[in-house]
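Below is one structure, written out as structure tokens; the observations come after it.
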Amino acid sequence: MQILLVEDDRPLAASLQKALVKSGYAINHVETGKAALHTLQVEKPDILVLDIGLPDTDGISILKALRKTDKELPVLLLTARDSVEDKVQGLDSGADDYLAKPFEVTELLARLRVLERRLGTVKTSAIKIGGVNLDTVDHVVTLEGKDLELSRKEYMLLKSLMENAGRVQTRSTLENRLYSWGEEVASNALEVHIHHLRKKLGNEFIKTIRGVGYKVSAQ
Ligand code: CA
């Protein structure tokens, strides 16, 4: 999952980035409304986490502008103000969810999992396909009941494929979900991760769709 975080409070943004990366998200961060609108045009994230109070404009205006062209992108609003009016205005403007500061990171992670489930084909936090179980809360993957040791990128990649079981995921979609801006990425990095996953899961679980990407079949 790739998340765009729009937040001008740098210490907060840094701590959220750290927690989200640790939880297996690729996260890109901007601090202004202008940068947010630009990014939404050039590289659409899977989920937008949007602060309402920004230095150049407010999050509600960004949200309204976004909803003119995109009704689907899940948006979670953050605000320092926990007023009913703000909440209602945010939801009326097309936000999917709302979190008032200060909040616990665990709550943000839980809300993100709900939005993610809405995006994918999977409706629960534990995904089971064939003998493979992937728990998106505890980040544990088992094969036939045995724990698998996966690197963070391997886990992110497998999660993205399993959440979208039955759908082909293109190489660029997978790469965007795996890497944040500024991360060094070798051109064959994706193939290397797939190779390692196949060593651990067997060759059949992840299918190559030649020239397009990869897929895990639904049950
Ligand atoms: Ca702010």
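The values are calculated or read from the model by the stated rules, or taken from the named source; none is laboratory data. Keep in mind it's a predicted model, so treat the numbers as computed, not measured. Because the Cβ atoms are built from the backbone with ideal geometry, glycine has one as well, and the counts that use them run over all protein chains shown.
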- Message: Give all pairs with beta carbons closer than 7 Å in which a residue from the stretch 40-58 that is of a type in the set (A, V, I, L, M) meets a residue that is part of a loop (DSSP other than H, G, I, E, B) and within 8 Å of the ligand (Cβ to nearest atom); count only pairs at least 6 apart in sequence or on separate chains.
- Response: L54/D8
- Does T173 fit the bill of being surrounded by 12 or more Cβ atoms within 10 Å (Cβ to Cβ) and either among the charged types (D, E, K, R) or without any contact (Cβ under 8 Å) to a residue 24 or more places away in the chain (or both)? no
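Any residue at all in the stretch 75-87 that's surrounded by 14 or more Cβ atoms within 10 Å (Cβ to Cβ), small (G, A, S) and either within 14 Å of the ligand (Cβ to nearest atom) or on the phi > 0 side of the Ramachandran plot (or both)?
no
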- Task: Just give me the residues in the stretch 1-21 being without any contact (Cβ under 8 Å) to a residue 12 or more places away in the chain and either more than 16 Å from the ligand (Cβ to nearest atom) or under 14 Å from the mean Cα position of the chain (by Cα) (or both), in sequence order.
- Result: K18
- Message: Quick check on my filter: what residues within the stretch 22-47 are within 11 Å of the ligand (Cβ to nearest atom) and either within 17 Å of the chain's Cα centre (by Cα) or assigned to a loop (DSSP other than H, G, I, E, B) (or both)?
- Response: E31, T32
- With (1) within 12 Å of the ligand (Cβ to nearest atom); (2) more than 26 Å from T136 (Cα to Cα) as the list, and L50 as the residue in question, which single condition is left unmet? (2)
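Listed here are the residues, each with its yes/no results for (1) modelled with pLDDT under 95; (2) crowded, with 17+ Cβ neighbours inside 10 Å; (3) closer than 30 Å to K68 by Cβ.
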| site | (1), (2), (3) |
| --- | --- |
| L119 | yes, no, yes |
| D147 | no, no, no |
| K159 | yes, yes, no |
| E184 | yes, no, no |
- Message: Looking at the structure I just gave you, is A95 within 16 Å of the ligand (Cβ to nearest atom), crowded, with 18+ Cβ neighbours inside 10 Å and of a type outside the set (D, E, K, R)?
- Response: yes
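Table: residues versus (1) within 19 Å of the chain's Cα centre (by Cα); (2) more than 16 Å from S217 (Cβ to Cβ); (3) at pLDDT 95 or above.
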{"position": "R152", "(1), (2), (3)": "yes, yes, no"}
{"position": "A165", "(1), (2), (3)": "yes, no, no"}
{"position": "T173", "(1), (2), (3)": "yes, yes, no"}
{"position": "R177", "(1), (2), (3)": "yes, yes, no"}
{"position": "W181", "(1), (2), (3)": "yes, yes, no"}
{"position": "H193", "(1), (2), (3)": "yes, yes, yes"}
{"position": "L197", "(1), (2), (3)": "no, no, yes"}
{"position": "K200", "(1), (2), (3)": "no, yes, yes"}
